[in-house]
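The values are calculated or read from the model by the stated rules, or taken from the named source; none is laboratory data. Here the structure is a predicted model, which is why all the values come from computation and not from measurement. Glycine gets a Cβ as well: all are built from the backbone with ideal geometry, and neighbour counts include every protein chain shown.
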Amino acid sequence: MAGEGTSSLLIYGDSISAGYGMEKEEQWSRDLEVLFKKDNFKIKIFNSSVSGETTGGGVSRINKVLDELKPSYVLLELGGNDALRGYPPDRIYQNLMTMINACKDRGIEVFLMQIRILPNYGKRYQTQFESVYSKVSAASGVTLIPFMLEEVALNKEFMFDDGIHPNEAAQPLIAKFVFESLREYLK
């Protein structure tokens, strides 16, 4: 839990937020905390992201994590692994809504990150999947923020050879992008 007068942000995501292939000190969530401090934000960052996490896995953990950490804000970054498995967009929608409602029931403000996928899943699935996020945002009233890998994913210099996970060089860029996306809402 954050100290008195300090708010806290829980990053609740998958391997992209869990810092796949990196030490904790190299992950973008650490860089994000530094950026907030430099800008005089009194905010503690918790990262409960899990590599390979699906929205279903997120649902199974959310109540315990929220009750334990009691964050002021949650950045929800899940769905990419659902897409890799070809899960139905309706199920992803329901799972995201369940997690958002768990947060709202506790008075926690949620930021939902748009997730983008490669077109090799077919245009129809890609469109259905990616549109889930704007639908969830509209239905729940939570703020939708842009995909954090928008500027990174297509640049081989910032990605591991798997083409899915950002490397160490990408972490400060991701942190800056997330910081700029959230900062106006946290002021």
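Out of the residues in the range 63-79 that are of a type in the set (A, V, I, L, M, F, W, C) and within 16 Å of ALA18 (Cα to Cα), which is farthest from the chain's Cα centre (by Cα)? Talk me through it step by step, then tell me what you get.
Of the range 63-79, the ones of a type in the set (A, V, I, L, M, F, W, C) are 65-66, 69, 74-76, 78.
Next, only the ones that are within 16 Å of ALA18 (Cα to Cα) stay: 65, 74-76, 78.
Working: VAL65: 15, VAL74: 8, LEU75: 5, LEU76: 4, LEU78: 6 Å.
Taking the candidates together, the pick is VAL65.
Answer yes or no as to whether VAL59 is more than 25 Å from ASN167 (Cβ to Cβ) and of a type in the set (A, V, I, L, M). Before you say what the answer is, go through the steps one by one.
Values: more than 25 Å from ASN167 (Cβ to Cβ): yes; of a type in the set (A, V, I, L, M): yes.
When the stated conditions are applied, VAL59 passes them.
How about the range 1-36: which of its residues are modelled with pLDDT under 85 and polar (S, T, N, Q)?
Correct list: THR6 only.
Of all residues in the range 91-107, count the ones that are more than 14 Å from LEU144 (Cβ to Cβ) and part of a helix (DSSP H, G or I). Walk me through it before giving the result.
Kept after step one, since they are more than 14 Å from LEU144 (Cβ to Cβ), are these residues of the range 91-107: 91-92, 94-95, 98-99, 101-107.
Imposing the further condition that a residue be part of a helix (DSSP H, G or I) reduces the set to 91-92, 94-95, 98-99, 101-104.
Selection size over the range 91-107: 10.
Quick one: is LEU35 touching a residue at least 60 places away in the same chain (Cβ under 8 Å) and either among the β-branched types (Val, Ile, Thr) or within 17 Å of GLN171 (Cα to Cα) (or both)? Reasoning before the result, please.
On the way: touching a residue at least 60 places away in the same chain (Cβ under 8 Å): yes; either among the β-branched types (Val, Ile, Thr) or within 17 Å of GLN171 (Cα to Cα) (or both): yes.
Judged against the criteria, LEU35 is a match.
Quick one: is GLU77 surrounded by fewer than 20 Cβ atoms within 10 Å (Cβ to Cβ) and closer than 23 Å to PRO172 by Cα?
Numbers: surrounded by fewer than 20 Cβ atoms within 10 Å (Cβ to Cβ): no; closer than 23 Å to PRO172 by Cα: yes.
When the stated conditions are applied, GLU77 does not pass them.
Looking at PHE179, PHE147, which is the one that is without any contact (Cβ under 8 Å) to a residue 40 or more places away in the chain, under 16 Å from the mean Cα position of the chain (by Cα) and within 14 Å of MET113 (Cα to Cα)? Full working, then the answer.
Numbers: PHE179 fails: without any contact (Cβ under 8 Å) to a residue 40 or more places away in the chain.
The unique qualifying residue is PHE147.
Report yes if LYS104 is in contact with a Ser or Thr (Cβ under 9 Å, 6 or more places away or on another chain), charged (D, E, K, R) and either free of Cβ contacts under 8 Å to residues at least 24 places away in the same chain or surrounded by fewer than 18 Cβ atoms within 10 Å (Cβ to Cβ) (or both), otherwise no.
On the way: in contact with a Ser or Thr (Cβ under 9 Å, 6 or more places away or on another chain): yes; charged (D, E, K, R): yes; either free of Cβ contacts under 8 Å to residues at least 24 places away in the same chain or surrounded by fewer than 18 Cβ atoms within 10 Å (Cβ to Cβ) (or both): yes.
In short, yes.
Output yes when any residue across the range 147-155 is closer than 27 Å to GLU68 by Cα, crowded, with 17+ Cβ neighbours inside 10 Å and touching a helix residue (DSSP H, G or I) at 6+ places or on another chain (Cβ under 9 Å), and no when none is.
Yes, the range 147-155 has at least one match.
Does any residue of the range 106-115 turn out to be out of contact with any strand residue (DSSP E or B) (no Cβ under 8 Å at 6 or more places or on another chain) and of a type in the set (A, V, I, L, M)? Talk me through it step by step, then tell me what you get.
The initial filter retains those residues of the range 106-115 that are out of contact with any strand residue (DSSP E or B) (no Cβ under 8 Å at 6 or more places or on another chain), namely 106-107.
Those left that are additionally of a type in the set (A, V, I, L, M): none.
No, the range 106-115 contains no residue that is out of contact with any strand residue (DSSP E or B) (no Cβ under 8 Å at 6 or more places or on another chain) and of a type in the set (A, V, I, L, M).
In the range 114-133, is there at least one residue being part of a helix (DSSP H, G or I), in contact with a Ser or Thr (Cβ under 9 Å, 6 or more places away or on another chain) and surrounded by 14 or more Cβ atoms within 10 Å (Cβ to Cβ)? Steps first, answer last, please.
Keep residues of the range 114-133 that are part of a helix (DSSP H, G or I), which gives 119-121, 123-133.
From what is left, the residues that are in contact with a Ser or Thr (Cβ under 9 Å, 6 or more places away or on another chain) are none.
There is no residue in the range 114-133 that is part of a helix (DSSP H, G or I), in contact with a Ser or Thr (Cβ under 9 Å, 6 or more places away or on another chain) and surrounded by 14 or more Cβ atoms within 10 Å (Cβ to Cβ).
Quick check: is even one residue across the range 127-137 closer than 22 Å to TRP28 by Cα, more than 12 Å from the chain's Cα centre (by Cα) and at pLDDT 95 or above? Talk me through it step by step, then tell me what you get.
Looking only at the range 127-137, we keep the residues that are closer than 22 Å to TRP28 by Cα, and these are none.
No.
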